[in-house]
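The values are calculated or read from the model by the stated rules, or taken from the named source; none is laboratory data. Keep in mind that this is a model prediction, so the values were computed, not measured. Don't worry about glycine lacking a Cβ; one is built from the backbone with ideal geometry, like all the others, and counts go over all protein chains shown. All accessible areas refer to the heavy atoms of the entire protein, side chains included, with ligands and DNA or RNA removed. Shrake-Rupley method; radii C 1.70, N 1.55, O 1.52, S 1.80 Å.
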Amino acid sequence: WYQRRVRGMSAVDEHEQGQYDGGADAAERADQTGSDPTQPPSQQTHGSFVQLPGEELKLQQEVECVDACFDGHIRGQLKLTTYRLFFTAAEGEPHDLDIPIHSILKIDKKSQAENSYSLSVQCKQFLSVRFTVNKQERKSKDLYQTLTKLAFPEEGIKLFAYEYKKRHKDSGWEIYDFEKEYTRIGALKEKSKWRHSAVNKDFALIDSYPEHIVVPAEISEEFIKKSTYFRSIGRIPALSWLHPTNEASITRCSQPCVGLSKKEV
């Protein structure tokens with residue numbers, strides 16, 4: 001996935017990615033980061049670094065980037081903030097890299113030569129990248145120590161989420177709109193194989209589910225009610241996500257009740 005995206009997106013890729021992001025969500029992301037909303041967070045065009053509200057720049061240093069998606073060593077500048085590790089490629093070089101700090105799984109530091117060392121970063125989404133750092137630069141030692149401290153904080157309260165300063169005009173309870181969201185992913189469009197069910201109005205049927213759920217269009221309300229007896233805590237399969245092209249779905253539910261007595265486990 002990463003290699004395909006970093007080398008450039010086809011027209012089909014751009015169309016599909018735009019459907020995933022959604023118009024309003026994509027526009028908001030562009031406003032916050034100054035990035036292209038059709039590009040994934042790990043790959044942006046040159047010079048797209050814009051700090052988020054509350055994001056603090058800790059240090060920046062000239063490095064070389066060695067990555068499976070790039071050919072050879074890519075010169076550029078590495079910026080380390082309280083939120084991300086951002087590599088800005090030099091003019092004429094391939095795309096930049098934008099790596100959220102807390103997507104990092106492992107950091108390795110190894111000496112390469114008398115005047116340099118390599119900094120290998122492995123991420124939870126399987127991205128792996130290596131930077132060559134000049135030891136003679138004043139901040140070379142601080143880079144590894146600061147990155148390690150930010151990526152693996154001793155206290156959860158030091159996470160960037162606690163420092164994010166954006167102020168929203170609306171209350172959080174009004175941001176999510178059920179009908180708008182499921183229409184966006186195509187579940188409530190005309191002739192859809194899915195439909196909105198009000199069977200859980202006032203949380204009467206499943207108290208741990210939202211009032212509005214999306215279920216297969218051919219399933220009746222009565223069938224849904226009977227199905228709750230065969231699921232732990234009554235959590236029947238309900239739609240969470242729908243692929244915009246092939247309509248593959250992700251549904252959430254609890255495990256079925258098992259045994260002769262159909263007891264919850």
Unmet requirement for ASP202, which otherwise passes all of (1) surrounded by 11 or more Cβ atoms within 10 Å (Cβ to Cβ); (2) outside any loop (DSSP other than H, G, I, E, B)
(1)
Given the criterion farther than 21 Å from GLY186 by Cα, modelled with pLDDT under 90 and surrounded by 15 or more Cβ atoms within 10 Å (Cβ to Cβ), identify the matching residue among ARG235, ARG231.
ARG231
Just one listed residue, out of LYS169, LYS141, LYS191, is open to solvent by 40 Å² or more (accessible area, probe 1.4 Å), in a loop (DSSP other than H, G, I, E, B), within 30 Å of PHE86 (Cα to Cα) and modelled with pLDDT under 90, and it is LYS169
Looking at PRO100 and the list (1) closer than 20 Å to GLU55 by Cα; (2) at pLDDT below 85, which single condition is not satisfied?
(2)
